[in-house]
């Protein structure tokens, strides 16, 4: 049953403020978890956690089918929330079973396999929370999402600190990570979503086929995006060891400050972009996109400058002194991050315009490029080669997203001109 009475939406400014605050706080907590592992544990422990994320991310990115973005931009209510919820639940179960299989059939020791499974359990709960976030995002209530992220960040970080301080056991730390995600979904996100729509699971096969057909291209896109981000990590873990992966992953996470801003702005802008596209408002769509791209550019340039000046000190203070020897890797990672900020904003534009079918082709090329670059550069240059491989892939991604957005703007401009002529007649 739907909520009684209309649910008031927040302004774009308020939604951005809430999203930025929530995402920033959660990103800080996630970074702090890595910092705690580095300070209370070892680089290998950080590497185990990072490997777990690298293995689980592509699986969940694919099975999530980017339903959150599709739900948030579903202005015409093509599908009910129960259909989205039912598909997400089914896909999440498949994803978790896949993770269990990979963990215990793969070439991992017992401790690492258990860590991967526990991270998979946490990601399963996060996947269910995310579909609830899509409903709240559709109603432009990013405050509800942010409060959930803030609570989860606090709980997971505090439990991790306590357990690692007392036991130095990564498995117990990951148990706390999983329990935090499950707790927040059951007690807050699920309850909140019921204020907006019914959470009754709908598994009508005919309707599910239509929704899967709509969302599958985006699932492939997210799979390729995740693989693209993690391919260098696979090469590092295989050729250089878990400890080197720990260093690379910890340093890579420093780009999350900019990513948080991009995510907050992009997620807040999706409903607005979708409205402009549905109403063929070419000028407003273009104006908003230009503003976002400019913000992405400023973030990228600022990040590189800060790392050039303060990089060694940041790595020493945040992690340990031995991390400071990887400043060159830090600089290269931030260059790649700056490029990704711009392409991410362009990607939100593509999703808002529901231009799903072209994106798998873009990211397939990107993924293959990163694979070849990693294969060639990491054996030659080590962690610096991994960072350069990320840059190369991000440049190709930017070129593809720019081309696709040019097509969108051209189509919108044509629709607007036709509408103007019809109104004049």
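Read the figures in this text as sums done on the coordinates, not as results from a lab. Quick caveat: nothing in here was measured; it's all calculated off a predicted structure. Methodologically, a virtual Cβ is constructed for each residue, glycine included, from the backbone with ideal geometry; neighbour enumeration extends over all protein chains shown.
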Can you give me the distance in nm between label points at residue 204 and residue 272, each placed 7 Å from the Cα along the Cα-to-Cβ direction?
3.5
Given the Cα-Cα distance of residue 322 and residue 90 and 0.36 nm per residue of separation, how much length would full extension add, in nm?
79.1 nm
Within the chain, helix-based [θ] at 222 nm, where runs of 4 or more DSSP H residues each add -39,500 (n - 2.57), nearest 500
-29000 deg cm²/dmol
Most fluctuating of 354, 233, 194 in the GNM of the chain (C-alpha, under 10 Å) is 194
Amide N proximity, segment 151-194 versus residue 28 label position 7 Å along Cα-to-Cβ, cut-off under 16 Å:
151-158
Quick check of the Kirkwood formula: for segment 12-420, what is the inverse mean of 1/r over all pairs of different Cα atoms, in Å?
21.7
Cα gyration tensor shape of segment 248-360, rounded if a/c is under 1.5, else prolate or oblate by comparing a/b with b/c:
prolate
C-alpha long axis of helix 142-167 to longest principal axis of the chain, angle in °
10
By how many degrees, 0 to 90 and rounded to 10, does the Cα axis of helix 110-138 deviate from the longest principal axis of the chain?
20
Give the distance, in whole Å, between the Cα centre of segment 181-204 and the Cα centre of segment 84-140.
16
On Cα atoms only, tilt of 12-40 relative to the major axis of the chain in degrees:
10
Hey, quick one: spin label on residue 194, modelled 7 Å out along Cα-Cβ, who in segment 128-151 has an amide N within reach, i.e. under 14 Å?
none
Compute a Gaussian network model of the chain, connecting alpha carbons closer than 10 Å, and tell me which residue from 94, 331, 251 fluctuates the most.
94
